[in-house]
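Single-structure report; data block below.
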Amino acid sequence: MKSLASPPCLRLIPTAHRQLNSRQSSSACYIHGGSSVNKSNNLSFSSSTSGFASPLAVEKELRSSFVQTAAVRHVTGSLIRGEGLRFAIVVARFNEVVTKLLLEGAIETFKKYSVREEDVEVIWVPGSFEIGVVAQNLGKSGKFHAVLCIGAVIRGDTTHYDAVANSAASGVLSASINSGVPCIFGVLTCEDMDQALNRSGGKAGNKGSETALTALEMASLFEHHLK
C-alpha cells in the first residue's frame with residue numbers, strides 16, 4: 001500500500017496535536033484577555049484531493065491566534081520623549097549644496113520634537129567615505145544617544161560612485177555595531193543633482209528630516225527599553 005505523503009510545501013506544526021483533516025471539524029480553545037473562547041476549526045482547502053489544509057490557511061489561523069495572545073510584549077521607541085537625548089550629526093562637505101539642506105531638515109525636526117540645541121553637535125567631514133570612522137568614534141565616546149550620518153553621493157562617469165556609496169553604507173553599519181550606539185544612515189545615493197535636490201527639501205521631501213525622526217525613535221528605544 002502506498003503511503004500518503006503531505007504536499008512538499010506544507011509545514012506541519014505540532015500545536016496541541018490538532019488534526020488537519022478535510023472530513024473533520026473540531027473546536028479549539030483560545031485565550032483572549034484572560035478568558036477561554038471556543039472557536040470552531042473550520043479550514044478551507046486549496047485542493048479537495050490533498051486531504052490537508054492549504055499552507056496559507058494554516059499560516060493565517062496561526063497568525064490570528066498569535067495576535068490574540070495578550071502575553072506578547074511589543075516595544076517601540078517614542079517620538080515624544082526627545083528631552084534629554086543628545087545627538088551628533090556627521091555631515092559630509094562634498095556636495096555641500098545638498099548636505100546643508102539635509103542638515104537643516106534634521107535640525108528643524110529636532111526642534112519640533114523638543115530636542116534642545118545644546119544637545120545637538122554637528123561634525124563636518126570631507127566626504128561620505130569618511131563618515132563611518134567618525135561616527136564610530138562619536139558612538140564610543142558615550143556622549144550621544146544616536147549619531148546621524150548625512151551625505152550625498154551622486155553618480156558620475158566612472159565607478160567611483162559605487163565604491164563610495166557602498167563604503168559609506170557599510171561604514172555606518174559597522175559604526176553602529178562596533179559602538180553599540182544607533183548610527184543612522186542619511187546618505188543620499190542619487191543618479192544626478194536633480195534627484196538629490198528633490199530629496200533634500202524638494203518634491204520628494206527632506207531625507208535629513210527623516211533621518212532625525214529615525215534617530216529619535218532609535219535613541220528612545222535604546223535609552224528607555226534596551227539598557
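The values are calculated or read from the model by the stated rules, or taken from the named source; none is laboratory data. Here the structure is a predicted model, which means the values were calculated and not measured. Note: accessible area is taken over every heavy atom of the protein model, side chains too, but ligands, DNA and RNA are not part of it. Shrake-Rupley method; radii C 1.70, N 1.55, O 1.52, S 1.80 Å.
Starting from the amide H of Leu148, placed 1.01 Å from N in the peptide plane, find each other amide H under 5 Å away whose residue is 5 or more places distant or on another chain.
Here the answer is Ala88, Ile89, Val90, Ile184, since their amide H atoms fall under 5 Å of that of Leu148.
Which of the aspartates and glutamates could a cross-linker bridge to Lys112, judged by Cα under 18 Å and excluding same-chain residues fewer than eight apart?
Cross-link targets: Glu83, Glu104, Glu121, Glu210, Glu217.
Could you report the stretch 155-222's accessible area per residue, 1.4 Å probe, as an integer in Å²?
Details: 3330 Å² over 68 residues.
Value for the stretch 155-222: 49 Å² per residue.
Going from the alpha-carbon gyration tensor of the stretch 126-227, what semi-axes, largest first and in whole Å, does one get by taking the root of 5 times each eigenvalue?
Working: eigenvalues 133, 58, 14 Å².
They are 26, 17, 8 Å, listed largest first.
In whole Hz, with x marking every Gly and Pro, tabulate ³J(HN,Hα) for the stretch 145-154 from phi via Karplus 6.51 cos²θ - 1.76 cosθ + 1.60, θ = phi - 60°.
In residue order, the calculated couplings are 8, 7, 10, 8, 10, 10, x, 8, 10, 10 Hz.
First compute the accessible area of the stretch 155-227 with a 1.4 Å probe, then give the percent of it belonging to carbon and sulfur atoms.
For the stretch 155-227, the apolar C and S fraction of the accessible surface comes to 51 percent.
Express in % the proportion of alpha carbon pairs of the stretch 74-145 at distances exceeding 14 Å.
Values: 1621 of 2556 pairs.
Percentage above 14 Å: 63.
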